[in-house]
Amino acid sequence: MTYIQRVRRALKKRGFEVGAEEFNGGVRLTGELDSWDDVVECGRLAVDKKRSRGVVNDITLRGYSPEPVRRPDTRDDSLDGYAPDVLVIGGGIVGTAIARELTRYKLKAALVEKEYDVATAQSSRNDGMIHAGIDLKPNCRKVKYNTRGNKLYDVLSRELDVPIERTGQLVFYTARWQKLVYPLIKLRASKNDIPIYPVSREKAKEYVREPGFNYGGFMCPSAGAVSPYLMSVALAENAVKNGLDLFVDTMVTGMEVKEGKIVSVATNRGTIYPKVVINAAGVFSDKIAEMARDRHFTIHPRRGVEAVLDKKSYPKSKTVLGRFSISGSSGKGHTKGGGVIVTIDHNLLLGPSARECPERENEATTREELDEVVEKQTALAPEIKRSDIITYFAGTRAATYEEDFIVEVSPVTKNFIQAAGIQSPGVTAAPAIAEDVALWAAKMISGGEAIPNENFDPTRKGIPVVREMTPAEREELIRSDPDFGEVVCRCEQITKGEILAAVRSPLKVDSVDAVKRRVRAGMGRCQGGFCQPLVVDIIAKELGISPEEVTKKGAGSAVAPYSEKGRRV
Ligand SMILES: Cc1cc2nc3c(=O)[nH]c(=O)nc-3n(C[C@H](O)[C@H](O)[C@H](O)COP(=O)(O)OP(=O)(O)OC[C@H]3O[C@@H](n4cnc5c(N)ncnc54)[C@H](O)[C@@H]3O)c2cc1C
């Protein structure tokens with residue numbers, strides 16, 4: 001039986017009356033169904049990693065019209081005729097990591113991002129966990145890039161002045177039989193080059209100060225925490241320092257492909273003529289692949305909701321807690337199961353959930369999903385109360401039906417490279433994906449060996465974090481610049497000097513959320529209730545614009561009008 005015959009049979013057997021045709025080395029499904037879960041189920045039934053390049057699922061949901069994609073307001077021709085060697089599409093952690101790696105080579109690199117800043121999509125809406133990778137199946141791209149990426153974080157942290165913490169992850173047993181499987185888990189971990197060791201119930205109590213916590217399990221010491229948005233910003237800043245041209249508010253809208261080669265890329269700011277194009281467009285990576293005429297996968301967005309707890313909850317657990325799951329991220333629901341997660345800023349996170357949804361940019365959090373997360377994860381640590389939650393958010397994973405990353409030189413379109421379908425653990429894997437992708441692009445440009453950029457400087461200096469300084473260090477800094485003595489965000493102890501340093505950064509920073517991602521102003525208990533008007537005022541004064549022109553998060557997100565002193569009028 002051929003692959004297509006097998007797919008048709010499987011779909012029919014489940015009662016789905018939809019079409020299945022051969023398409024670009026895989027299969028394309030067509031038709032219309034009444035439930036989104038059924039649409040996704042059809043895609044899953046069509047997966048055959050050995051015989052198919054991928055599943056393109058064009059089955060539509062009856063009565064559903066997709067929401068329009070968020071687009072930048074800017075319309076000009078400032079990039080018309082611009083011809084970089086390599087163009088990266090997407091400024092998430094994957095795109096910015098690739099861009100930085102590209103600047104290691106002698107070539108002209110550019111990055112376009114449709115939003116007002118880097119890291120606004122998946123890359124700022126996740127757990128910030130540097131995964132050990134214990135739940136990943138051997139021999140997939142996820143595990144290959146996760147293991148290498150995890151190790152690269154120590155170097156990146158040093159070079160880019162972005163803190164990481166090896167918090168470890170305690171995977172605990174909730175049933176007796178689970179302990180018996182440990183030798184198999186250990187074997188898989190060794191195969192994937194992941195250190196683990198058993199932890200008794202008594203020892204586990206040293207990590208988790210919850211009276212009700214009475215589980216043994218195993219520890220993955222290489223798991224850690226990072227701020228995914230700060231790391232993306234740092235990667236982008238360092239790339240710009242090394243010659244990257246970075247354009248925000250710039251959206252790719254089409255491509256001209258002739259004789260299997262991308263000739264030009266259309267944007268809202270004119271037509272660009274790159275020699276090589278890299279797809280790092282997250283939940284829209286299948287749309288970019290379609291423009292480049294190499295669509296062989298479909299993103300089915302999977303939303304995850306997270307609850308952020310007040311920092312006072314941190315002493316309850318200083319390591320990430322996750323339930324043992326035999327199926328890991330390849331099991332039912334396709335999530336690692338979530339847990340109680342320690343962030344780099346010592347808030348705890350509860351989550352994430354996993355829900356298939358047709359919308360790619362829906363960041364709304366529903367009560368139902370939040371309840372689901374809280375109920376599931378507080379069962380691990382009953383002392384955590386709802387009143388400990390200071391905020392919540394949702395992020396959308398860029399899942400393919402194969403549930404693996406696509407990191408490849410296109411076999412169809414000659415000058416096209418894909419870093420697509422990068423769902424979890426994409427933060428962890430990004431530095432390793434970037435190494436491969438940039439090297440392939442550099443070789444394409446030189447036509448042989450990649451030529452190093454002798455002037456590449458891997459270092460970047462971060463913004464001083466006043467609240468973490470010793471009194472002597474703080475005094476010295478304030479003496480050199482009194483703005484570092486003026487606290488603006490009381491909850492997080494962020495000073496005017498830090499906010500100004502963010503606004504003066506090498507990237508465009510003219511919104512409240514862009515400042516927040518860089519220095520945490522507004523991320524504390526009051527969620528900006530007190531400091532937001534002051535932050536608006538500082539941005540406005542520094543940029544010489546009126547407070548009304550300062551947005552929360554780019555075009556169409558005006559902050560309420562403020563007076564000169566930053567108070568509401
Ligand atoms: C709830 C949740 C929790 C997670 N937790 C973890 C974790 O703890 N650890 C971990 O390792 N991973 C985690 N992940 C996965 C991780 O967040 C992603 O894999 C990673 O951020 C993907 O980065 P990216 O750059 O590929 O995509 P994105 O960050 O989505 O960036 C893609 C960018 O492309 C831009 N773009 C799209 N179309 C266009 C266009 N036409 N023109 C220009 N720009 C365009 C978008 O605006 C976007 O900024 C989690 C994900 C979610 C949703």
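Fully extended, how many nm does the chain gain between VAL69 and GLU449 (0.36 nm per residue separation, minus their Cα-Cα distance)?
Numbers: separation 380, 0.36 × 380 = 136.80 nm, distance 3.93 nm.
Gain on stretching VAL69 to GLU449: 132.9 nm.
Do any chymotrypsin sites (Phe, Trp or Tyr not before Pro) in the range 47-151 lie in a DSSP loop with no more than 15 other beta carbon atoms within 10 Å, and if so, which?
On the way: sites: TYR64, TYR82, TYR105, TYR116, TYR145; in loops: TYR64, TYR82, TYR116.
The qualifying sites are TYR64.
Can you give me the relative contact order of the range 466-549 as a percent, contacts being Cα pairs under 8 Å and 6 or more apart?
Details: 100 pairs, mean separation 20.3, N = 84.
In percent, rounded to a whole number, it is 24.
Defining a contact as two alpha carbons under 8 Å apart and six or more residues distant in sequence, what relative contact order in percent does the chain show?
Working: 1273 pairs, mean separation 101.8, N = 569.
Relative contact order here is 18 percent.
Hydropathy first: keep DSSP H helices in the chain averaging at least 0.5 on Kyte-Doolittle, then drop any whose Cα extent along the axis falls short of 24 Å, and list what survives. Write out the running numbers ahead of the final one.
Values: long enough: 141-160 (26 Å, -1.20); 426-446 (29 Å, 0.97).
Length and hydropathy pass: 426-446.
How high is the FRET efficiency from VAL181 to ARG201, r the C-beta distance, R0 22 Å, rounded to 0.05? Could the numbers behind the result be given before it?
On the way: r = 17 Å, r/R0 = 0.79.
In this case the efficiency is close to 0.80.
Can you give the Rg and Dmax of the range 223-330 based on its C-alpha atoms, in angstrom?
19.9, 60
Take the cross-link list LYS385/LYS552; LYS203/LYS318; LYS241/LYS552; LYS205/LYS316; LYS496/LYS516; LYS385/LYS516 and give me the ones stretching past 19 Å between alpha-carbons.
Among LYS385/LYS552; LYS203/LYS318; LYS241/LYS552; LYS205/LYS316; LYS496/LYS516; LYS385/LYS516, the Cα-Cα distance tops 19 Å for LYS385/LYS552; LYS241/LYS552; LYS385/LYS516.
Which are the unpartnered cysteines of the chain, meaning those with no other cysteine Cβ under 4.7 Å from their Cβ?
Here CYS42, CYS140, CYS220, CYS357, CYS491, CYS526 come out as lacking a disulfide-compatible partner, given the Cβ-Cβ threshold of under 4.7 Å.
What is the fewest-to-most order of VAL550, VAL437, VAL233 by other Cβ atoms lying within 10 Å of their Cβ?
Details: VAL550 21, VAL437 27, VAL233 32.
Placing the least packed residue first, the sequence is VAL550, VAL437, VAL233.
Of PHE484, TYR215, GLY447, whose Cα points farthest to the positive end of the dipole of the chain (charges on the beta-carbon: +1 Lys, Arg; -1 Asp, Glu; origin at the Cα centre)?
After comparing all options, I get TYR215.
Would you work out if the range 361-453 is rounded, prolate or oblate? Take a ≥ b ≥ c from the square roots of the eigenvalues of the alpha-carbon gyration tensor; rounded if a/c is under 1.5, else prolate when a/b is larger than b/c, oblate otherwise.
Working: a/c = 3.81, a/b = 2.80, b/c = 1.36.
Verdict is prolate for the range 361-453.
Which ³J(HN,Hα) values, rounded to whole Hz and listed in residue order, are derived for the range 253-267 from phi using the Karplus coefficients 6.51, -1.76 and 1.60 in 6.51 cos²θ - 1.76 cosθ + 1.60 with θ = phi - 60°, glycine and proline given as x?
10, x, 9, 9, 10, 10, 6, x, 9, 6, 9, 8, 10, 8, 9
Helix-only mean residue ellipticity at 222 nm, the chain, DSSP H runs n ≥ 4 weighted -39,500 (n - 2.57), per residue, nearest 500. What is it? Can you show the working numbers first?
Values: 15 runs with 165 residues, N = 569.
That comes out to -9000 deg cm²/dmol.
Can you tell me which of 128-137, 11-20 comes out highest on packing, and rank the rest after it, using the mean Cβ neighbours within 10 Å?
Details: 128-137: 25.7, 11-20: 14.8.
My ranking of the peptides, most packed first, is 128-137, 11-20.
Express in % the proportion of alpha carbon pairs of the chain at distances exceeding 40 Å. Present the calculation step by step, with values, prior to reporting the outcome.
Working: 41044 of 161596 pairs.
Of all Cα-Cα distances in the chain, 25 percent exceed 40 Å.
Skipping prolines and chain starts, which residues have an amide H placed within reach, meaning under 5 Å, of the one on SER353, given they are 5 or more residues away or on another chain?
Distant-sequence amide H within range of SER353: VAL305.
Which of CYS491, CYS42, CYS526 has the fewest other C-beta atoms within 10 Å, and how do the rest follow up to the most? Mind dumping the intermediate values first?
Numbers: CYS491 20, CYS42 23, CYS526 15.
Ordered by Cβ neighbours within 10 Å, fewest first: CYS526, CYS491, CYS42.
Find the Cα radius of gyration of the range 3-61, compare it with 2.2 N^0.38 Å by division, and give the number to two decimals.
0.99
Run the simple label-point estimate for PHE456 and GLU165 please: 7 Å along Cα→C-beta, distance reported in nm.
Result: 3.2 nm between the two label points.
In vacuum, with every alpha carbon of the range 1-158 counted as one equal point scatterer, what does the Debye formula give for log10 I(q)/I(0) at q = 0.17, 0.21 Å⁻¹? Two decimals, please.
Here log10 of I(q) over I(0) equals -1.16, -1.21.
Output the relative contact order of the range 3-61, whole-number percent, from Cα pairs under 8 angstrom with separation of 6+ residues. Don't jump to the answer; show the numbers that get you there.
On the way: 91 pairs, mean separation 22.3, N = 59.
Across the range 3-61, relative contact order equals 38 percent.
Taking Rh as the Kirkwood radius computed over C-alpha pairs, what is the Stokes-Einstein D of the range 184-261 at 20 °C in a medium of viscosity 1.002 mPa s, expressed in µm² per second?
Values: Rh = 18.0 Å.
The diffusion coefficient I find is 119 µm²/s.
Which whole-Hz couplings ³J(HN,Hα) result when phi for each residue of the range 112-121 is put into the Karplus expression 6.51 cos²θ - 1.76 cosθ + 1.60, θ = phi - 60°, listed in order with x for Gly and Pro?
Going residue by residue, I get 10, 9, 6, 8, 7, 7, 7, 6, 9, 8 Hz, with x marking Gly and Pro.
Beyond a 26 Å Cα-Cα separation, which of these cross-linked pairs lie in this structure: LYS151/LYS186; LYS50/LYS137; LYS106/LYS461; LYS461/LYS508; LYS191/LYS414; LYS50/LYS108? Intermediate values should be presented prior to the final figure.
Values: LYS151/LYS186 19 Å; LYS50/LYS137 15 Å; LYS106/LYS461 24 Å; LYS461/LYS508 17 Å; LYS191/LYS414 35 Å; LYS50/LYS108 37 Å.
Those over the limit are LYS191/LYS414; LYS50/LYS108.
Give the peptides 451-457, 311-317, 166-172 in descending order of average Cβ contacts within 10 Å, highest first. Show your work: numbers first, answer last.
Numbers: 451-457: 11.9, 311-317: 17.0, 166-172: 22.6.
Highest to lowest by the protection proxy: 166-172, 311-317, 451-457.
Non-local amide H neighbours of GLU32 (under 5 Å, H modeled in plane, Pro and chain starts lacking H): which ones?
THR60
So what is the diffusion coefficient of the range 459-559 in µm² per second by Stokes-Einstein at 37 °C and 0.692 mPa s, using a Kirkwood Rh over Cα pairs? Each step should come with its number before you reach the end.
Working: Rh = 13.7 Å.
For these conditions, the coefficient is 239 µm²/s.
Return the long-range amide H neighbours of ILE390 (sequence gap of 5 or more, or a different chain), with a cut-off of under 5 Å between placed amide H atoms.
Under 5 Å from the amide H of ILE390 lie the amide H atoms of VAL308, LEU309, ASP310, each far enough along the sequence or on another chain.
With θ set to phi - 60°, apply the Karplus curve 6.51 cos²θ - 1.76 cosθ + 1.60 along the range 394-403 and write out the HN-Hα couplings as whole Hz, x wherever there is a Gly or Pro.
10, x, 10, 6, 8, 8, 9, 5, 7, 6
How would you order 186-192, 425-431, 492-498 from highest to lowest mean count of nearby Cβ atoms within 10 Å?
Details: 186-192: 15.0, 425-431: 28.1, 492-498: 23.0.
Those peptides, ordered most packed to least, come out 425-431, 492-498, 186-192.
Throughout, read-outs are computed from the coordinates displayed, never taken from laboratory work. Owing to the predicted nature of the structure, the values given are computational and were not obtained by experimental measurement. Backbone-built Cβ (ideal geometry, glycine too); neighbour counts: all protein chains shown.
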